[in-house]
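One structure is given below, encoded as structure tokens.
The values are calculated or read from the model by the stated rules, or taken from the named source; none is laboratory data. Being a predicted model, the structure only gives us computed values, none of them experimental. Every residue, glycine as well, gets a Cβ built from its backbone with ideal geometry; the counts of neighbours run over all protein chains shown.
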Amino acid sequence: MDILYRPRRLRQNDAIRDLVRETELNVHDLIYPIFVMHGMNTQEGIQSMPGIYRYSVDRLMEELEDIVKLGIPGILIFGLPEYKDAVGSEAYADDGVVQEAVKAIKRRFPTLLVITDVCLCEYTDHGHCGIVKDGIVDNDASAELIARTALSHARAGADIVAPSDMMDGRIGAVRKALDQNGYQHVSIMAYSAKYASAFYGPFREAAQSAPQFGDRRSYQMDPANAREALREVKLDIQEGADIVMVKPALSYLDVIHAVRQRFDVPLAAYNVSGEYAMIRAASANGWMDEHNAALEALTSIKRAGADIIITYFAKDAAKWLDTIL
Ligand code: PBG
């Protein structure tokens, strides 16, 4: 054929492919989510998330040895409380499950980045991310408790607090609470564009946080909207977010890309429980190759523009990346 350009020339072998590769996944990009519970010597499996467990604090310490050895820079902590009530009291109790875990982790692994998910849904008996008044999630009262929760996490030693509730104005409320109490150095990773997604299904089993009535569409975003995500991100940056997040990741790569183009703050993407479960389930059936599918998914998230990827595949990916190098 008489053609001048033959793109296949640059795909001939590993060396040349390595040379022209545009996106490289790195273990330093990854954050591993962790579920922590009360009790001792307990490790519970989660049916819809094979390979992921809920740990009591003592068992978590063993798990963290591995995570640190693998070079994963940080974890994102979710708590399963002893009790749930209408106002999510354990979320902001200084001896709550997350607070106790953070203290223990920071004592033993001072250099591991500890990020805490700040929300009420695991702690409320109705399962919503805030306080319910007359059947409606009350924004301002909820934001106040979110700020209180973030402050108690900072007091326990969290490096970064990550509000995931989607109440209006909560980033500003969290920043103010931290600053007024001497925690100017604690960063905020804002779940800025968090969609009302079916891909959180397995997480709700893991964290026992499914809403007991209704759904989360009055605070989480409509999956049909991308411009609205840019407004949410802008507001969070104006209110003091250090890092912004898009969640989920794979069905929202366009949103990740748009945020990356428009804003200059570090951008995180959350490769959520359902995205993990899909690959795990299909691979377990022999329908696709887990290693390749997971690395392809994570690489696509980075290619779209994410600097930080929160993923249940973090441990596997760290091992896989290490054997490639
Ligand atoms: C809490 C929260 C959720 C997730 C992270 N923080 C669940 C939800 O909003 O229903 C989902 C994480 C995942 O699916 O992996 N608000």
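Remarks
- Scanning the range 279-319 for residues that are part of a helix (DSSP H, G or I) and on the phi > 0 side of the Ramachandran plot yields a total of 0.
- Evaluating GLY88 against the criteria (1) away from the ligand (no atom under 16 Å from the Cβ); (2) at pLDDT 95 or above; (3) at positive phi leaves one unmet condition, (1).
- When the range 266-278 is filtered for residues that are part of a helix (DSSP H, G or I) and either away from the ligand (no atom under 13 Å from the Cβ) or of a type outside the set (S, T, N, Q) (or both), the ones remaining, listed by number, are GLY274, GLU275, TYR276, ALA277, MET278.
- Residue check for ASP168: more than 20 Å from the chain's Cα centre (by Cα), over 22 Å from VAL272 (Cα atoms), within 16 Å of the ligand (Cβ to nearest atom) and surrounded by fewer than 18 Cβ atoms within 10 Å (Cβ to Cβ): no
- Counted residues, the range 114-142 - those being over 17 Å from ASP85 (Cα atoms) and hydrophobic (A, V, I, L, M, F, W, C): 2
- The residue pairs whose first member lies in the range 194-206 and is over 25 Å from TYR55 (Cβ atoms) and of a type in the set (Gly, Ala, Ser), whose second member is more than 8 Å from the ligand (Cβ to nearest atom) and assigned to a helix (DSSP H, G or I), and whose beta carbons are closer than 9 Å, counting only pairs six or more residues apart or on different chains, are SER197/SER251; SER197/TYR252.
- Those helices (runs of 4 or more DSSP H) lying entirely in the range 1-115 with at least 3 residues within 30 Å of LYS133 (Cβ to Cβ): 97-108
- Any hit, the range 252-265, residues being acidic (Asp, Glu) and outside any loop (DSSP other than H, G, I, E, B): yes
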